[in-house]
Structure formats: structure tokens, C-alpha cells
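Have a look at the structure below, then the notes.
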Amino acid sequence: MRRLALLVFVCSFCGLVGCDWFAASDPLAPRAVQVRNLLLDPEPSSESSKSSVKATANNDPPAAVTLRIGVVDDAALYHQLAPLGDAMGMSLSNTVFESETTEQRDRGNRSIQVCFVEATLSPLTLSTDVALSTNTSIQANSTSVVDARSCDLVILPTSQLCRIGDASIPFPVYFTGDLREFETLTQTATGTDDTGGTQRGGAADLRRMSEIFHQLQTKWVDLFPLIQSKQTRWGANRVAMPLGVAMPIWCLRSDLLSSQTAVESTTTASPNASAPPTTLPQTWSQFTPWAVAIQNRLKNASKSSSNDVANPAPAGQASETASVMAEFVLLEPMAGQSAAESLFTRAAPYLVHRSQFSTFFQLATMEPMLGEPAMRRALAEMVRQYEDGTSEQRDFVCSATPQMVSEALRTGRTLSVILSPTAAYSTAWDDAVKGAKLSVRFAPVPGSDEVFNPTSQAWERRGERESKQMPYLSDGRVIVVTPSCATPRIAQRLAIELSSADSNRPLLASSGTTGPFRFTDETFATSWCEPWVSTNAAVERVRVVRRLANSELGLPFPAIEGRGDYLTALAEEIRAAIRGEKTSDAALDAATLRWNEITEKYGRDTQKATYRKSLGL
């Protein structure tokens, strides 16, 4: 089925759609022609009846359509819209960028300050003499506030969907439904006129709309199943198209590990052996003896080779003594809210039960579930991971941002990290090693053979066909259509087109909170990673994400008001536990009290209703 969808996808972008309005030889023209044909073609009418097809007299192209696109909290993605518009044949103008103020985040004020782009789609004639019209200017205006609800489309973090989800227009069934259902909806468009001929808006238009449907449907089925189920819905409605997802995975320096353990070997060693196991651990219970064995070897090597530590090899160059440099076997981001997300990444395989909707709060009461055994086990394991380090090392762990963690992996300070790799973390290279590729490999974050069932209050073995690894979706970007849009169906097609961005995936990869989310993203694998990651490793990363996301089971933090408050409160308690100021259980108990206070601040009933919608209920 997937192969068929991919075949349709390839064919649709190789000329199935006609170019009736254009005669183009510009390099960008074929792409622009195709996109405009898709966006501006006659479409089924919206609210009152989906059974008729709009037509234009004498096959004239429709008038130009201008759509206002708002971008929330993502300057990198915003600045990439202009070249993306070039490739799609859109004229962009009147751009303003504003970051949201603290006051606007306060309860009761749901206005979102955004940057916006006015995209003009028109049936221009492209030729060697007429280039695409693009006029983009960036203006800093601290007094200008653009309400997201006044835009036609809004690009925003998945975690902020709660702030505009209720005001979003649901995507129509014929974009993501069954073709037979679509044809049923449009059957009355086919008829005969007084002379017995086919009416305008009849069979020809139905066939044309069927072609468009196939294109849109293909772009939908290309999404990983986990992304379809977790990133596109608000309540019972599908209201968003994804632009990327941040999914932490395990990143390892295989060159540094090779001196400690035969990472590439397929032989499994006993977990009780003194030497490190020869395969990467699949679960956290396997990870502990693996990490302890490596850490012991690092300590012994450090005692006998202190000079090598003081004079590490240059970044990007392998060294026989590079493993001696490493202070950590594993490093996770712990600064700011990252500590909470690192805990959720560890806890996901313990928390996500096939029969449970809720993992963070009780559905009926909005009572936090931080005190459940699954979360307690995960935090206890995290604290043990770092407890043998010096106070300086623990301080570094607690202050490590995602960028610092990525840099620690690059320089060999750590043998592995848990991170969502992104090109946005790229750092300057020394001229001597610029362009060098490091030996990096990617793997799923260790999982668990057991999962906690909150209903029975017992640990259960996972089924034989269940994956031991369970992904955590830390955030991402989505695009939604607002009620203020005068042409919602055209806007929805544009949203789908921006989400697919078939030949322009590198532009969407500029955001620090986006990553691979489609089966075809393997083609653009290197665009999602830092420049020191080889092509083969980047492809491995996409395949790891695809494996994890090829199921609807995963753990996103709910898109609810005060998300940052919840994560910050938990992160502060986690860092206190890592520093040894509290036990892990005491830290979670304190975080539970703070979460209840935050829920009361935003209103328990309001939060409960929002929480249910974030779960798709």
C-alpha cells in the first residue's frame, strides 16, 4: 500500500497535472505552475454543500488570491519562507517579525504576536523574459502586534495549538479521506445540459478534482502514522498539517566507542561480564551494566593517560586516545525546560500503555501523575547515571543546553547523547577541519520490556509484537487555517503544499524544533543534521525516526495552557535531584504539588477540557 502511495506521489510530480495556463521555460516554472494549478483549481464548495464544483467561465484562470501567513516564535522558519515562496511561485511582501511578550502569555490574553507574510498566488505567465515576482522586506517594529486570528494561516509550535485550536478550520474529508467518499460527495456535479451535453462543472471537473485529490491524499499518506495521529488533531477534528517534529534519539560517537566496545559487532555478551556488552543496549536495564563497564574503563584510562586529556585531538579528527577525553558515557540536555523533556524521553517506554489515553494527568480530575511508579523509576535511573560524577560535572550536566550537548558530542567530551539532532545547532569549524565528517551513529533511545498499567497499578510485560522503544515528541511545527480566511479551501491546499515542500525540505529543516516526519524525508537526510554528520549517518537517523514513528504509539506532552510553567517546575526539581539536594522521590512529590498549583492558576476545569482536546478526545 505504501509503495502504491509512493508511486502515485512520484507520478503526480512528474506531470500528471496539466499546465493549461502557462508556457514556461524558467527553471522554477514547472514547480510554480504545478503548485498554482493545484491551489487555484476549481474546488468543491465548503460549508453548505460539498456536492457541487465551482467553475470559472470559459476556463479562465481565477483571480489572484492573497493569503496572510503568520509565523509564531520561529524566526529561522520565518526567514526561510521567502525562498520557499520563490520555488512555489508565490509573491511575498509586507513581512514583519515580532516575538511574543511575557504579558501576552498571561492567562486570559490569547492574542499571539506573530510575523506575517502576504503570499499572492496568481496565474502569471512565466517565460525566459518574465521572472517570478518576489518582494520581501524584513522590518523590526516593536510596537506592531499582529493577532494570529487575523491571519489566514498560522505556523506555530505544536505545543501552542491549544491557543488557536478551537478557532481553526477543520480540514475537509476529501483531503485525507477515501477517494470513493470524495466521488460520492461530488456526484451531483455531473449532469447534462438542455442539449444533452455535459454541464460545466460536470464529469471533466470531477476528473480534474480527482487528480487534485490524489495529489493531496498522497502528501497525507506520506506522513509517519505517529505524526498523523499526534500532530494534526485538536479534539475530534483534524486542523493542522505538520512542518516537522522534534524527536529525541540516541546519538553515539562510534569512533570513540570502538576503543571501548565493539559497537558494530552482532554478538551479544552477558550483561554480567566485566567487559562492555558488544551490542548497543535495547533497554534501560541493559544500558546500566553497559555504561558502568565503559565508565570504569574510562576512569582507568584517565589515570594512566592524564596528558592525553589535557591535549585532546582537534575537533573533527579521530584520535587513538580520544576515548580518554570523554567525561560522560551519556549526556542529556538539562538546562531550562530541557530537564523535564529529557525525563519524559527516558520515561516514555514505562509510561505509554496500549490501553491508556492519559500519561501526565488524570482525565477526570487533572491530578498530576508524576508520582506513578513509571516516572519514579525513570528519574531514579537518571539520577544514578550522574551520581558518580564530580560536583563540577553535575553542575555542567544541569546547565547543559541542547546546543552544549551537541557540541560535547562533537568534541568528544561525551561518548553519546540523547538529543533531537538539528542543523540549527551547527557551530563554527576550525579551518583545518572544516568539512570533516565524524563517525556518528544513531539508534533508538533505550526502551523497556515492562510498562506500568495505571488501571491495575502493576507492571506488565510488553507483548512480543510491541516495540521496546517508545518515542517522545518534544515539540514541532504545524500550520493551521483560521476562520478569518476568505478562501479556506485554497488555504488548506497551501498548508498541505507547505507541509510537503517536495523539493524544498532543507528550508523547513532550518528550525531548531523540526525533524524528519515523512517517509520521503530520507532524500533530504543531511538537511536535518549538523554538517559534521556524514550522509550515511544522516540517513540512519531518518530510518531510526521512521521506525519509531511507524506506529501511533508515542508520548507528546499535551498542548495545554501553561505548558512552560509545568515543564519549568518539574525541571527545577529534577536538577535538585541530580545535584543531590533531594532524593528523586522527594523531587517528584514537590513537582506534583507545584503542578497542582499551576493547574489551579489556569483553572482546573478549563485545563481539563483543553487536556482532553490535546489528546484528540
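The values are calculated or read from the model by the stated rules, or taken from the named source; none is laboratory data. Please read these numbers as outputs of a predicted model, since none were measured by experiment. Neighbour counts are summed over all protein chains in view; Cβ atoms, including those assigned to glycine, are modelled from backbone coordinates with ideal geometry. Quick note on the areas: whole protein, heavy atoms, side chains included, nothing else; ligands and nucleic acids left out. Shrake-Rupley method; radii C 1.70, N 1.55, O 1.52, S 1.80 Å.
A few comments on the model shown:
- For Lys582, the amide hydrogen comes within under 5 Å of the amide hydrogens of Ala577, counting only partners 5 or more places away or on other chains and with H modelled in the peptide plane.
- Here Ala586 and Ser534 are evaluated by their C-beta separation; at R0 = 45 Å the FRET efficiency comes out at 0.55.
- Divided by 2.2 N^0.38 Å, where N counts the residues, the Cα radius of gyration of region 525-615 comes to 1.52.
- Protection proxy ranking of 489-497, 395-403 - average other beta-carbon atoms within 10 Å, highest first: 489-497, 395-403
- Separation of the Thr401 and Asn237 label points, Cα + 7 Å toward Cβ, nm: 3.7
- For the listed residue pairs Lys219/Lys613; Lys468/Lys613; Lys230/Lys582; Lys468/Lys601; Lys230/Lys468, the alpha carbons are over 31 angstrom apart in Lys230/Lys582; Lys468/Lys601.
- The order of the peptides 456-465, 544-553 by mean Cβ neighbours within 10 Å, most packed first, is 544-553, 456-465.
- Region 407-564 - percent of accessible surface contributed by carbon and sulfur, probe 1.4 Å: 48
- Cα shape, region 368-517, gyration tensor, a/c 1.5 rule: oblate
- Three-way shape label, region 479-558, alpha-carbon gyration tensor, a/c 1.5: prolate
- Segment Thr606-Ala380, extension gain: residue separation times 0.36 nm, minus the distance between their alpha carbons: 78.1 nm
- Shape call, region 466-617: gyration tensor on alpha carbons, a/c limit 1.5: oblate
- Ranked by the mean number of other Cβ atoms within 10 Å per residue, highest first, peptides 290-297, 408-415 order as 408-415, 290-297.
- Virtual spin-label span in nm between Ser285 and Thr523, 7 Å along Cα→Cβ: 4.4
- Amide proton proximity set for Val478, modelled H, under 5 Å, gap of 5+: Leu156, Thr158, Leu243
- Put a dot 7 Å past the Cα of Val292, heading toward its Cβ, do the same for Asp449, and the two dots end up 1.7 nm apart.
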